[in-house]
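The values are calculated or read from the model by the stated rules, or taken from the named source; none is laboratory data. Note that the structure is predicted; figures quoted are calculated from it, not measured. Cβ placement follows ideal geometry from the backbone for every residue including glycine, while neighbour counts extend to all protein chains displayed.
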């Protein structure tokens, strides 16, 4: 998927890279999440993110967790397929 801010940049073999920004707090996580969703839902914040090449998509912690798991599996397969060695 090509980004609106940079349509000249091709995607990864028809796929996409998702980058997420998150904060984890042991206490008051629900309050923090609600505030983040409210901020990310504002037209001003969405415009700022789009200007930087982002796609605003506030969601739930479970949805973000699922995205991380899926992306990890996707990139692990790409690394395996192209033979990138692990360094320890």
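Values for this structure:
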{"quantity": "Criterion: at pLDDT below 80 and surrounded by 10 or more Cβ atoms within 10 Å (Cβ to Cβ) - qualifying residue of 53, 20, 14, 88", "calculated": "20"}
{"quantity": "Positions within region 34-63 being assigned to a helix (DSSP H, G or I) and in contact (Cβ under 8 Å) with a residue 12 or more places away in the chain, in sequence order", "calculated": "36, 37, 40, 41, 50, 51, 61"}
